[in-house]
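Contents: one structure, followed by commentary.
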Amino acid sequence: MASLQEIVAFLDAELRIAEIPDYSGAVNGLQLENGGTVTKVAAAVDASLPVVEAAVAAGADLLVVHHGMFWQGVQPLTRAFYRKIKAAIDGGLAIYSAHLPLDVHPELGNNALMMNALGFKASGTFLDWKGTRLGLTVEVEISRESLISKVSDVVEGPLHVCPGGPREVRKIGLVTGGAGSEVAICPASGVDTFITGEGPHWSYPLAEELDVNILYAGHYATETFGVKAVAARLARDFALEWTFIDRPTGL
């Protein structure tokens, strides 16, 4: 058993919650508290009603997510939103969310962990957003087809590929999640192949015009790394159990 306050203080400091800017709907940090103690941590990508119900059913009293409860902005506590909050409170489930602070963390972050899983060591950063460098780069010598196979293995599923760039990849840019709309920054960074989760329709033809490959590996699939790592770290440091609640969206 551990103190919720101690865990929150640890995560706030480790993930630099107060320092890293984010979208208004992220509301990073503790979003819902419980009675003050934690015995089991659940990790998930999204704080959806099915995930909250699964976390309570699994006996967790802390849920760590990447996308928190407030992405849709201010809304009345009715219908599904009411049921979600009620299920969490009745189940004694605290909810902690970390979005961009988790993406960019050098050890626990989605970008760093996915880069490591691919067998690459990042050599640089790119994609500046409000003073934070969101992406990682690495210089490589690998065929596009071999890279596609690697990424597919890591995310355990097929990719959607825009083969707009060279067949022989020399520099990769990686930003997990929904960063496809940022493809225009690739040429200036020397990136010929952009790995991300998803992007808008127009990112595909734009990549072709810019001579850039895009490997759309799935928004959900590229953002499972960080929450798992955080939960495992809490389990290790605070002597807790942990579990991952897999609720893929296919996007």
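The values are calculated or read from the model by the stated rules, or taken from the named source; none is laboratory data. Owing to the predicted nature of the structure, the values given are computational and were not obtained by experimental measurement. Every residue, glycine among them, receives a Cβ derived from its backbone with ideal geometry; neighbour counts consider all protein chains shown. Please note that ligands, DNA and RNA were not included when accessible areas were found on the heavy atoms of the full protein model with its side chains. Shrake-Rupley method; radii C 1.70, N 1.55, O 1.52, S 1.80 Å.
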Fill in the blank from the handout: Out of 190, 109, 135, a Gaussian network model of the chain with alpha-carbon springs under 10 Å gives the largest mean-square fluctuation to 190
Handout entry: Approximate spin-label separation residue 14-residue 85, in nm, with each point projected 7 Å along Cα-to-Cβ
Key = 2.9 nm
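With a cap of 13 neighbouring Cβ atoms within 10 Å, and only residues DSSP puts in a loop, list the chymotrypsin sites (Phe, Trp or Tyr not before Pro) found in segment 1-106.
Details: sites: 10, 23, 70, 71, 81, 82, 96; in loops: 23, 70, 71.
In loop regions of segment 1-106 (DSSP not H, G, I, E or B), the sparsely surrounded chymotrypsin sites (Phe, Trp or Tyr not before Pro) are 23.
For segment 77-149, which whole-number percentage of the solvent-accessible area (1.4 Å probe, protein heavy atoms only) is attributable to carbon and sulfur atoms? List each step's numbers first, then the result.
On the way: 1710 of 3390 Å².
Looking at segment 77-149 in its full context, I get 50 percent from C and S.
Considering only protein heavy atoms, what per residue accessible area in square angstrom results for segment 72-184 with a 1.4 angstrom probe? Please report the intermediate quantities before stating the final value.
Details: 5470 Å² over 113 residues.
Solvent-accessible surface per residue comes out at 48 Å².
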Exercise for the section: Would you mind checking segment 200-230 for residues with the amide N under 17 Å from a putative spin-label position 7 Å along Cα→C-beta of residue 156? Expected result: 217-230
Practice task
Quickly work out the residue 74-to-residue 181 label distance, labels modelled 7 Å from Cα along the C-beta direction, and quote it in nm with one decimal.
Solution key: 2.3 nm
Handout entry: Charge-dipole axis of segment 31-186 as Lys and Arg at +1 and Asp and Glu at -1 on Cβ define it, positive-most pick from 148, 120, 100
Key = 100
Problem - Most mobile of 117, 231, 98 in a GNM of the chain (Cα contacts under 10 Å) - result: 117
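Would you mind finding the longest exposed-site-free stretch of the chain, with exposed trypsin sites (Lys or Arg not before Pro) meaning DSSP loop and at most 12 other Cβ atoms within 10 Å? Present the calculation step by step, with values, prior to reporting the outcome.
Working: sites that count: 121, 130, 167.
Answer - 1-120.
Counting only protein heavy atoms and using a 1.4 Å probe, what share of the accessible area of segment 160-251 belongs to carbon plus sulfur, as a whole percent?
On the way: 2070 of 3980 Å².
Exposed carbon and sulfur together represent 52 percent of the surface.
Under the definition of Cα pairs under 8 Å and six or more residues apart, what whole-number percent is the relative contact order of the chain? Please report the intermediate quantities before stating the final value.
Values: 539 pairs, mean separation 53.2, N = 251.
Answer for the chain is 21 percent.
Determine the gain in length on full extension of the stretch residue 24-residue 249; use 0.36 nm per residue of separation and subtract their C-alpha separation, reporting nm with one decimal.
Working: separation 225, 0.36 × 225 = 81.00 nm, distance 2.27 nm.
Once the chain is fully extended between residue 24 and residue 249, it gains 78.7 nm.
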Practice task
State, to one decimal in nm, how far the label point of residue 189 lies from the label point of residue 146, with both points 7 Å from Cα in the Cβ direction.
Solution key: 2.3 nm
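Counting only C-alpha contacts under 8 Å and six or more residues apart, can you give the relative contact order of segment 99-197 as a whole percent?
Values: 150 pairs, mean separation 23.2, N = 99.
Normalised by residue count, the contact order of segment 99-197 is 23 percent.
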Problem - Contact order normalised by residue count of segment 76-147, Cα under 8 Å, 6+ apart, percent - result: 17 percent
